[in-house]
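The values are calculated or read from the model by the stated rules, or taken from the named source; none is laboratory data. Computed from a predicted structure; not experimentally measured. Cβ atoms come from the backbone with ideal geometry, glycine included; neighbour counts cover every protein chain shown.
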Amino acid sequence: MERTILHSDCNSFYASVECLHRPEIRDKPVAVGGDVEQRHGIILAKNELAKKYNIKTGEALWQARQKCPDLVIVPPHFELYQRFSKLCHKIYLDYSDRVEPFGLDECWVQVTAKDANGALLAQEISQRIKSELGITVSIGVSYNKIFAKLGSDYKKPDAVTEIRRDNYKQIAWPLPVGDLLYVGRATQRKLESYCKRTIGDLANTPEKTLKGWFGKWGSVLYSFANGFDSTPVARYEDHDDVKSIGNSTTTPRDLLNNEDVKIIVYVLADSVARRLREHGYKGRTISISVRDNQLMSFVRQHTSSQYTNITAEIAQAGMELFMQHYHWQRPIRSLGISISDLVSDVAPLQMDLFGAGQEQLRRERLDTTVDGLKKRFGTNAVRPAILLQDTELSGFDPKREHTIHPVGFF
């Protein structure tokens, strides 16, 4: 039986929820963003009125204000967004137990059944979310997860798009190759350098050629573009809300050297490690994200042989990744650190003959003691000397206003 998969995407989710709770701003251009005074000024979401001014997610607030002086900027309220996310999930679960979240505002829902009409079910779900929750969704309907996701992006807001075996070449193939899930800027630039500008161009490139350009990832791209994806939609009861724990920040001033970076990396690593310990996790894949002052960015990661939730180890791994991959072409505007490949912190610790395991236990106990002091007296109650070198850079608390990362596809 052919699968029927929906991908539901809440339209302008953060901004829509804010406008729902603040009627006085509903008819104004609205954006959800960070603290302008501390330069944590990135657009996280915007409503439809703000989109008319060409305001983009990820751009600086000062740039957005230049486009729209009347823009209303509100701070994020992640607990509120999480509550609405769960309310959406509850509606999806009325139709299937195969509900797989993809971040707070997106979900795949498999509704495969004899005589199931995916488009009609999508319309019904859309109407229920609108009437019961007061926000809108765009839903893609297809026979695989990739094209369902593409369908939800195809037409917004408040729309249903069906991509079938008999029409995917007409709908999907003319789209820019960057519209395909997981084709980021770097991959898109590389494909365009080979004159592969549309999804159709990618689909019609021999798989062997793509593997030559991208390795194993080339086969994945070939499969995605041709609609061969057979990735299952996970059961809701099997999904783990926490796939990674991370923090990022736009720095109070541009970072000019490694010493500046070390301060920010340590503050972020401290927040990430404390949250790992709070939730009972350790991880071993450290990722850093770097964005320069021309808004060019990249992400790099490294997987260690040992799991950790120790602040100093995460900071050291993040700094090593940075120094290996950044060569100071331009000053840096923002940094992020996350850790994934998580396990419970009660998992056995690998000991060795040279005492490394004992040292790790000692560091864990020390960090846990410091956590207690910070919880009682505040984040700045205990600080390493490096953070006192430049209090302008170190004077922020990512633990209090943390970044929520979406879960991965695979």
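Brief remarks follow.
- Residues of the range 130-156 that turn out to be in a helix (DSSP H, G or I), over 21 Å from VAL220 (Cβ atoms) and among the small types (Gly, Ala, Ser), as a count: 1
- Residue-level analysis places GLU320 outside the set of residues that are at pLDDT below 85 and not basic (Lys, Arg).
- The set of residues in the range 259-300 being surrounded by 17 or more Cβ atoms within 10 Å (Cβ to Cβ), without any contact (Cβ under 8 Å) to a residue 60 or more places away in the chain and charged (D, E, K, R) consists of ARG284, ARG291, ASP292.
- Of the strands (runs of 3 or more DSSP E) lying entirely inside the range 1-95, those containing at least 3 residues that are in contact with a strand residue (DSSP E or B) (Cβ under 6 Å, 6 or more places away or on another chain) and touching a residue at least 60 places away in the same chain (Cβ under 8 Å) span 5-10.
- When ALA113 is tested against (1) more than 18 Å from the chain's Cα centre (by Cα); (2) crowded, with 16+ Cβ neighbours inside 10 Å; (3) over 16 Å from TYR236 (Cβ atoms), just one condition goes unmet, and that condition is (2).
- As a summary of the residue check, GLY178 satisfies the conditions (1) in a helix (DSSP H, G or I); (2) outside the structural domain of GLY218 (by TED's automatic domain parsing); (3) surrounded by fewer than 21 Cβ atoms within 10 Å (Cβ to Cβ); (4) touching a helix residue (DSSP H, G or I) at 6+ places or on another chain (Cβ under 9 Å) except for the one numbered (2).
- For first residues located in the range 312-328 and farther than 10 Å from VAL261 by Cβ and in contact (Cβ under 8 Å) with a residue 24 or more places away in the chain, partners that are part of a helix (DSSP H, G or I) and of a type outside the set (A, V, I, L, M, F, W, C) and lie 6+ apart or on another chain with Cβ distances below 6 Å form the pairs ALA315/TYR266.
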